[in-house]
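To start, the structure itself, in structure tokens.
The values are calculated or read from the model by the stated rules, or taken from the named source; none is laboratory data. Computed from a predicted model, the values in this text were never measured in an experiment. Neighbour counts are summed over all protein chains in view; Cβ atoms, including those assigned to glycine, are modelled from backbone coordinates with ideal geometry. Just the protein is used for accessible areas: all its heavy atoms, side chains included, with ligands, DNA and RNA removed. Shrake-Rupley method; radii C 1.70, N 1.55, O 1.52, S 1.80 Å.
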Amino acid sequence: MSSPELDVVEFLLTAAVYTENGDLDERDLPPRYRRVFWSEGDIERPLATTGNTAAAATGVDRPWEAVSGLMFTERDDFSGTIDLSDRDMAESWYVQRVDTERIQENPTLASHFEAEMDEIDYQSSRERNRPVHADRVWIDSLLDEMFDEDDEEMLDLVEVKAPEEVEITMNDLVLTEDQEGEIEKVVKAIEHRDYLAEIGLREIGKLLFVGPPGTGKTSVARALARELDLPFVEVKLSMITSQYLGETAKNVDKTFEVAKRLSPCILFMDEFDFVAKTRSSDEHAAIKRAVNTLLKSIDEVSLIQDDVLLIGATNHPDQLDAAAWRRFDEIVNFPKPDAGMRADILEVVTRRMEIDDFDPAEVADLTEGLTGSDLRLVLREAVLDALTEERTTLTQADLRRAVEGFEERDNLKNMDDFDNWKGTRSDESENGEGDSHDHSDHDHTHESTEVEPPSE
Ligand SMILES: Nc1ncnc2c1ncn2[C@@H]1O[C@H](COP(=O)(O)OP(=O)(O)OP(=O)(O)O)[C@@H](O)[C@H]1O
Ligand SMILES: [Mg+2]
């Protein structure tokens, strides 16, 4: 069991050990402590243990009050520094109160106690500790370093998430076998980067996710970042050009620079079809330049050499030309879910809901053609409708009704823009208008999207 007293003593001990042992580095500090001591991309010794740093690192509101009753602590009233007046006493007090698992989670302490405690293994503790590049503060300090105020708009175009900020997990997603296989391959490739470099296999680590809206492309990419503890760098390609045309090529360069600096990381490029659109139509020369820069940057970035996993996503594979297509080594298809998957998605989405007589298979049968995203909307409607009747327990009938409601809504939407359904999507840039490609293969109601690379 933990207590404020124990938490603060652990913090003080960790800081003392870290400060005196110059062989330890930031990877040996638990993320919750590390966070407090980052400054300009670095952690400097000695680690200052004041009331403030102790509170921030442990979450204990009044750290000094928590430990002032112990015989081995002291405080300097002037500087606010909290210290251990008797290290030996503090160590034996601490060791008597924690299990080895807790020490094992703190590489700094593991290094210290390894010699005297059999079950403690410093090396594995360090390997298990969350990597530095997964810390939000580390990401922020790097971005601060890279961008000054003139570059602010760049940061609007690229969104960087720390894995700790990604909420969706692989467990929340229902994948096809094919998707699972592809993801497993990437995970293995990342794990064995050194081996792949050694045998000269460098063309790996560029994935293209292909499928209609709402089939989980963005979600899978994010969940991967979380699962692999990698920063997630997201770029919407249409955004990159929509703002300052002349700057576009520079923005593309910068994006890749950000990804390389943050590496290992995932670089997610949404709306990849945008590339093809601008190549094939009569766009502004600046955009053409940017697209060429982009294609070149993609060639130059590598999972094996730069530790950047590139994931592109598109709703319109038919618009991608061969030049864009051949830059990806794996194509992952995101079809609309079949009945079995729909039932599984319904199970996942309703995990924390109470539903009387819940029969996911029946709802799945009623929802042919709907995506994971559609199913979430259906359930949201059911929940809100029940709430208007002051109910928080749903019934199967509520779900059926919500499906009907959704279909009506969908019909209205299709009537409005039969040929150009994507025109209603708020995230489409004005580029959508001038685009005269044939959309018939991507009719909203198709059960799945066939993916075939265009011939060269
Ligand atoms: N296979 C799935 N399993 C579980 N949830 C899913 C699945 N597919 C989609 N969803 C849910 O639907 C929502 C939208 O998914 P997401 O944004 O990942 O789709 P997308 O393919 O990126 O769409 P777009 O092409 O419009 O960007 C998310 O909340 C996601 O959790
Ligand atoms: Mg998406």
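Quick rundown of the values:
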| item | result |
| --- | --- |
| Percent RCO, i.e. relative contact order, over segment 4-129, from Cα pairs under 8 Å lying at least 6 residues apart | 29 percent |
| Net charge, Asp172 excluded, C-beta distance under 12 Å - Lys, Arg +1, Asp, Glu -1 | +1 |
| 222 nm mean residue ellipticity, helices alone, for the chain (DSSP H n ≥ 4; -39,500 (n - 2.57); rounded to 500) | -14500 deg cm²/dmol |
| Rg/Rg_ref, the chain, where Rg_ref = 2.2 N^0.38 Å and atoms are Cα | 1.18 |
| Net lengthening on full extension, Ala323/Asn411 (0.36 nm per residue, minus Cα-Cα) | 28.0 nm |
| Estimated Rh, segment 339-402: Kirkwood, alpha-carbon pairs, angstrom | 11.5 Å |
| Protein accessible area in segment 339-402, 1.4 Å probe - carbon and sulfur % | 47 percent |
| The chain, relative contact order in percent, only Cα pairs under 8 angstrom and at least six apart counted | 14 percent |
| Förster-model FRET efficiency, 41 Å R0, Arg35 and Asn292, C-beta, rounded to 0.05 | 0.50 |
| Rounded to 5, the percent of DSSP beta bridges in the chain classed as antiparallel | 30 percent |
| With eigenvalues of the C-alpha gyration tensor scaled by 5 and rooted, segment 134-333, Å | 24, 21, 17 |
| With DNA, RNA and ligands ignored, accessible area of Asp194 (1.4 Å probe; Å², nearest 10) | 120 Å² |
| Shape call, segment 26-161: gyration tensor on alpha carbons, a/c limit 1.5 | oblate |
| Long-range HN-HN contacts of Ile355 with modeled amide H, under 5 Å | Leu394 |
| Förster radius 41 Å - calculated FRET efficiency between Glu347 and Arg62, Cβ distance, rounded to 0.05 | 0.35 |
| Length released on extending from Ser79 to Ala197, taking residue separation times 0.36 nm less the Cα-Cα span | 37.3 nm |
| Formal net charge of residues neighbouring Ala339 (Cβ-Cβ distance under 9 Å; K, R +1; D, E -1) | -2 |
| Where labels lie 7 Å past Cα in the beta-carbon direction, separation of Ser2 and Asp365 in nm | 4.9 nm |
| Local electrostatic count, Lys260, Cβ distance below 11 Å [Lys/Arg +1, Asp/Glu -1] | -3 |
| Test item: Cα-centred dipole of the chain, Lys/Arg +1 and Asp/Glu -1 on Cβ, debye | 480 debye |
| Backbone HN-Hα couplings from phi across segment 326-335 [Karplus 6.51/-1.76/1.60, Hz, Gly and Pro as x] | 6, 7, 9, 8, 9, 10, 10, 7, 10, x |
| Relative contact order of segment 339-402, defined on C-alpha pairs under 8 angstrom at six or more residues apart (%) | 41 percent |
